[in-house]
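The values are calculated or read from the model by the stated rules, or taken from the named source; none is laboratory data. Fair warning: this is a prediction, and the values are worked out from it, not measured in the lab. Counting neighbours? That spans all protein chains shown, and the Cβs are built from the backbone with ideal geometry, glycine included. To get the accessible areas, we keep the full protein, side chains included, count just its heavy atoms, and leave off ligands, DNA and RNA. Shrake-Rupley method; radii C 1.70, N 1.55, O 1.52, S 1.80 Å.
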Amino acid sequence: MDVLEERIQRDEGGRGIKPLIIPGELELASKAVLGAEVVVILTGFPCLLDRECPTETDGPSGAIAVALAVVRSGKKAVIAVDECNAKVLQAGLSQCKEEITLEVFPPASAWDDAQQKRLAELGGRAGCVVALERAGPGKDGKYYTMRARDMTSLLAPLDRLFDDSYRSSNGFRYTTVGIGDGGNEVGMGKVMSKVVEHIPNGETIACTSAADHLIVASVSNWGGYALAAAVSILSGNRSLLLTSDEETAVVSAVVDAGARDGPTGQEGLFVDGMPLQTSLDVLEDLRTAAAL
């Protein structure tokens, strides 16, 4: 597990994530996922605010990697996203043979009792809730990009599933896992003071929503790969981690659906400013380290 964590935490993107890392969280997170019959996965980071499709390429395939590991282990996986991110996730899921449920929610401004009920039903079913590259609220309740641009109008309040008062008032007993790479993602509230201190714009963008277990990664997708690999190790099932061919197919599909590189807005097979091949190299390094 230590080898897997080290591989995804080298900070290739230069964001300054080292102070945010809590050693040992990957193993704890993988045990939580493996112990759940239903895993709900939140994703969606619509940071490309000037585009019709605001979704970035980091997030969708990492969420799908976790979902595939869950389903291949014989459990159920549900991915929850906002309307603005749905097309991209649908495209990625179209490349999967496995049955993965997609739940789509409108932005907070369009929520009513029906949406509240749907979210509560998800919480009631879940044994574990994973947020991977999921935009989280800052101290003012708004959701920000790394450059401190406001994304709030696009987002559904799915992070309520990470709110302790919401969980306790509904009697939910699921475990939460956060996966992020910048400090503004759901789960990063666990290290909020470190985000404020070490990450540019941290005072504004730092997420307040904490996770029980927090996986900090150079790229959030890589955190998803590592979680899937760790679940494979613990389960004894060596076929849970998606292949490089599967990852290439998923990322190609999400790009065709309109997703773009988050930091640059570049079209093509890029994730967090790096060519897809960098992610595939990490995926294969994880496969080798886990002997999968």
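Annotations
- Checking each residue in region 189-210 for being out of contact with any helix residue (DSSP H, G or I) (no Cβ under 6 Å at 6 or more places or on another chain) and either farther than 21 Å from P46 by Cα or not polar (S, T, N, Q) (or both) picks out G189, K190, M192, S193, E197, I199, P200, I205.
- Residue under evaluation D159, criteria (1) of a type in the set (D, E, K, R); (2) touching a strand residue (DSSP E or B) at 6+ places or on another chain (Cβ under 9 Å); (3) open to solvent by 50 Å² or more (accessible area, probe 1.4 Å), criterion not met: (3)
- For region 29-51, a residue qualifies if it is closer than 25 Å to T175 by Cα, open to solvent by 30 Å² or more (accessible area, probe 1.4 Å) and aliphatic (A, V, I, L, M), and exactly one does: L34.
- Within region 103-132, if we keep just the residues that are aliphatic (A, V, I, L, M) and under 26 Å from L26 (Cβ atoms), the residue that is nearest to the chain's Cα centre (by Cα) turns out to be L132.
- Where A131 falls short, out of the listed (1) surrounded by fewer than 22 Cβ atoms within 10 Å (Cβ to Cβ); (2) under 17 Å from G44 (Cβ atoms): (1)
- Just one of the numbered conditions (1) in contact with a Cys (Cβ under 9 Å, 6 or more places away or on another chain); (2) open to solvent by 40 Å² or more (accessible area, probe 1.4 Å) is not true of P107: (2).
- Region 202-215 residues that are without any contact (Cβ under 8 Å) to a residue 12 or more places away in the chain and β-branched (V, I, T), paired with ones that are surrounded by fewer than 24 Cβ atoms within 10 Å (Cβ to Cβ) and not in a loop (DSSP other than H, G, I, E, B) (beta carbon under 7 Å, 6 or more apart): none
- Single match in L26, L89 (criterion: open to solvent by less than 10 Å² (accessible area, probe 1.4 Å), touching a His at 6+ places or on another chain (Cβ under 9 Å) and hydrophobic (A, V, I, L, M, F, W, C)): L26
- Leading residue by the ranking (surrounded by the most Cβ atoms within 10 Å (Cβ to Cβ)) among those in region 283-292 that are more than 13 Å from G62 (Cα to Cα) and in contact (Cβ under 8 Å) with a residue 40 or more places away in the chain: L286
- Only one of the listed residues (P23, P19) is at pLDDT 95 or above, part of a helix (DSSP H, G or I) and over 17 Å from the mean Cα position of the chain (by Cα). That residue is P19.
- Boolean, Y143 is farther than 15 Å from V104 by Cα, surrounded by 18 or more Cβ atoms within 10 Å (Cβ to Cβ), hydroxyl-bearing (S, T, Y) and touching a residue at least 60 places away in the same chain (Cβ under 8 Å): no
- Test: residue in region 113-121 that is outside any loop (DSSP other than H, G, I, E, B) and in contact with a Leu (Cβ under 6 Å, 6 or more places away or on another chain): no
- Checked against (1) buried (at least 19 other Cβ atoms within 10 Å of the Cβ); (2) within 17 Å of S232 (Cα to Cα), R15 passes all but a single condition, namely (2).
- Where S209 falls short, out of the listed (1) within 16 Å of the chain's Cα centre (by Cα); (2) under 19 Å from E6 (Cβ atoms): (2)
- Qualifying residues in region 52-73 (those that are outside any helix (DSSP H, G or I) and within 17 Å of A259 (Cα to Cα)) - the one most open to solvent (accessible area, probe 1.4 Å): E52
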